[in-house]
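Have a look at the structure below before the remarks.
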Amino acid sequence: MKRRALWALLTLVACVASAADFDYHLQAQAVAPSVAVFVGQREDFDTRNGGNIVNTGFIAAPQGLIVIDSGPSLRYGQQMRAAMRALSPQAIALVINTHHHPDHFLGNQAFADAPLAALPATAQGIASEGNAFAENLFRLSGDWLKGTEVRVPQGSLQAGEQVIAGRALRLLALDGHTDADLAVYDHASGVLFAGDLVFHDRAPTTPHADLAHWLAALDQLEAITREPGFRVLVPGHGLPARDAGPIRQTRAWLLWLQERLQTAARNGLDMNEVLRQPLPAEFARMPLAASEYRRSVAHLYPAIEAASLAQGGVQQ
Amino acid sequence: MKRQMKRLFPLALLAMLNLSPTPALAAADPLDSARWGEMQKQFFAGQRLRFAAQVRVTAPAMAENPMQVPVTVDASELAKNGLAVEEVVVFADFNPIVEVLRFYPQAVRPELGFRVKLQQSTPVRAAARTSDGVWHVGGAWVNTVGGGCTAPSANAASKDWQARLNHVIGRQWASGENAGRLRLRIDHPMDTGLVAGTPAFHLEEITVSTRDGQPLMRILPHEPVAENPVFTIQRNQVSGPVIVSGRDNNGNRFQAEIAP
């Protein structure tokens, strides 16, 4: 009994210490030879996870490391960099931001000496909305973000087959989760970094979503998983997978969400009535399903409702 | 006799509770807001009021978008007691502009759905005045990250908002689970005047009536009503088209007919 109490105390001390020194405990998971992922929690931003709810990763290319997304804070970027250094002596060849959401680019500052690139619309989004996102994340995750400042990517990425740092990559300029969502397919390893177009066992977020575009983007990603060289799918949130399961899961959620909101609008429901509708059984247990549903109604219902009301017979 | 007493007693008690509201309300604010005293002075000075669960205010406890917080006010429980609801005022204690809107249900249920801009977490309240002159106050707390009143309207940057100003879209539902429902959306920036360089510019009056002139509902929106206001109104039954007309505080008028 005494011993158990002691263990409990020690565990408590350990937890308090880890929060106090703001250690994300980043562990690189090798998903293929020379490709690794830092897998985040399937949670929303809070003061315990410090914003580590996102997947970041890197490819060890012949001429240096290609970093895909930099995490939610300066501290995360620094710790990610230290974890990579422990695994590889190579310099950073390029840091890529897949899209303009804060958990994917607020670690940029830790890579100030490396080239940093994104799709043009992503760079514009970071420039115009980055500070507001950072403030919001500071509010949600507190001192984990201390010292974090927005660094806008200067380099502009284009879609297509390219060789970066000696590695053949296919860059896909897609959209739907945001106005610009970059997916990266690494031919040598068969790893597809899907960014936030794909969520795995975690409800998708929709603050800047266009559902029709997102669904079209998922079809393009799924086509890659049918190529003979494909090995691993890395979603923006949730565990990496060896098949297209997370793509199908994300698609199922989006299709359901679209159908739910369109039906509600057609039946004349007010937003509060849509919010009250229960989740179907297939999604009810998915982490963050209830909160993401509520957020998605706020993000998406006004436009869907307006499209439906516009079909009514009105003479001005 | 005894039986009758038994039946009458709760009624009498209810009547005492219901009909003894005083200008100086003794009951504690169920929403425990530090601003309630101010609200009472501003909206109900010298008038009779009571807190009433029958005035239902539905709003999300945590609002995702402070620019578009859905609020549904339903005072139809009061009407079931034989009291007609003549006026409803909606306000948010902690908003920089407190009053959200007033509505006057005429030949429709005392019920209105709309969306508001909130600057910070606040109670959102609806007070319904019944034909006996008593105000019945309901409400709900809404938590939000805020900033809804001092952010520019989403369409401020778009070029075509002027062309669509006061444009009405809407539908009526004659059958189905929402039979009798009317929903409409009016294009308007609803500027609060709290954004530097943008004066207050908002819809001020909206009337809904049948084509033969029978008034159904009058709404007096204020600045905190969300951009491009959407209203949900419950007609007792859909019979024929409705005419929606109104104006904003710059004198721009509109009129539209929504088919059944």
Residue list for the stretch B:24-39, restricted to those being outside any loop (DSSP other than H, G, I, E, B) and surrounded by 19 or more Cβ atoms within 10 Å (Cβ to Cβ): B:W36, B:M39
Mind telling me which of the residues A:R285, A:R295, A:R242 ends up being surrounded by fewer than 15 Cβ atoms within 10 Å (Cβ to Cβ), under 30 Å from A:N52 (Cβ atoms) and at pLDDT below 95? A:R285
When you check A:L239 against the structure, is it under 14 Å from the mean Cα position of the chain (by Cα), in a loop (DSSP other than H, G, I, E, B), farther than 24 Å from A:Y301 by Cα and hydrophobic (A, V, I, L, M, F, W, C), yes or no? yes
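Every residue, every condition in (1) in a strand (DSSP E or B); (2) surrounded by 19 or more Cβ atoms within 10 Å (Cβ to Cβ), yes or no:
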site	(1), (2)
B:T232	yes, yes
B:G240	no, no
B:G251	no, no
B:Q255	yes, no
Output for Cβ contacts, cut-off 6 Å, separation at least six or different chains, first residue at positive phi and within 10 Å of chain B (Cβ to nearest Cβ) in the stretch A:256-276, second of a type in the set (A, V, I, L, M, F, W, C) and surrounded by 15 or more Cβ atoms within 10 Å (Cβ to Cβ), reads A:G268/B:W173
Scan the stretch A:257-269 and give yes if some residue there is surrounded by 22 or more Cβ atoms within 10 Å (Cβ to Cβ) and in a loop (DSSP other than H, G, I, E, B), otherwise no. yes
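For every residue, the table says whether it meets (1) outside any strand (DSSP E or B); (2) among the charged types (D, E, K, R); (3) over 22 Å from A:I96 (Cβ atoms).
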{"residue": "A:D23", "(1), (2), (3)": "yes, yes, yes"}
{"residue": "A:A36", "(1), (2), (3)": "no, no, no"}
{"residue": "A:G40", "(1), (2), (3)": "yes, no, no"}
{"residue": "A:D44", "(1), (2), (3)": "yes, yes, yes"}
{"residue": "A:T47", "(1), (2), (3)": "yes, no, yes"}
{"residue": "A:V54", "(1), (2), (3)": "yes, no, no"}
{"residue": "A:A60", "(1), (2), (3)": "no, no, no"}
{"residue": "A:I66", "(1), (2), (3)": "no, no, no"}
{"residue": "A:G71", "(1), (2), (3)": "yes, no, no"}
For A:L215, the lone unmet condition from (1) assigned to a helix (DSSP H, G or I); (2) surrounded by 15 or more Cβ atoms within 10 Å (Cβ to Cβ); (3) within 14 Å of another protein chain (Cβ to nearest Cβ); (4) not charged (D, E, K, R) is (3)
Of the listed residues (A:L174, A:L169, A:L137, A:L182), the one being at negative phi and within 14 Å of chain B (Cβ to nearest Cβ) is A:L137
Could you tell me how many of the residues in the stretch B:160-189 are more than 19 Å from the chain's Cα centre (by Cα), in contact (Cβ under 8 Å) with a residue 60 or more places away in the chain and more than 10 Å from every other protein chain (Cβ to nearest Cβ)? 2
Residue pairs qualifying under the 7 Å Cβ cut-off, at least six apart or on distinct chains, with the first in the stretch A:287-314 being among the small types (G, A, S) and the second being at pLDDT 95 or above and surrounded by fewer than 17 Cβ atoms within 10 Å (Cβ to Cβ), are A:A289/A:L279; A:A290/A:L279; A:S308/A:R266
Being in contact with a Phe, Trp or Tyr (Cβ under 9 Å, 6 or more places away or on another chain), surrounded by fewer than 24 Cβ atoms within 10 Å (Cβ to Cβ) and not in a loop (DSSP other than H, G, I, E, B) is the filter here; which residues of the stretch A:88-109 pass it? A:I92
I need a count of the residues in the stretch A:293-310 that are farther than 16 Å from A:A209 by Cα and either at the interface with chain B (Cβ under 7 Å from one of its Cβ atoms) or among the charged types (D, E, K, R) (or both). 3
Tell me which of these A:G245 doesn't satisfy, since it passes every other one: (1) in contact (Cβ under 8 Å) with a residue 12 or more places away in the chain; (2) within 13 Å of chain B (Cβ to nearest Cβ). (2)
If I filter the stretch B:216-260 down to residues being hydroxyl-bearing (S, T, Y) and either in contact with a strand residue (DSSP E or B) (Cβ under 7 Å, 6 or more places away or on another chain) or within 13 Å of chain A (Cβ to nearest Cβ) (or both), which single residue comes out as farthest from B:G193 (Cα to Cα)? B:T232
Subset of the stretch A:68-79 [over 13 Å from A:F22 (Cβ atoms) and out of contact with any helix residue (DSSP H, G or I) (no Cβ under 7 Å at 6 or more places or on another chain)]: A:I68
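The values are calculated or read from the model by the stated rules, or taken from the named source; none is laboratory data. Quick caveat, the model's predicted, so the values are computed rather than measured. So basically every Cβ, Gly included, is an ideal-geometry build from the backbone, and we count neighbours across all protein chains shown.
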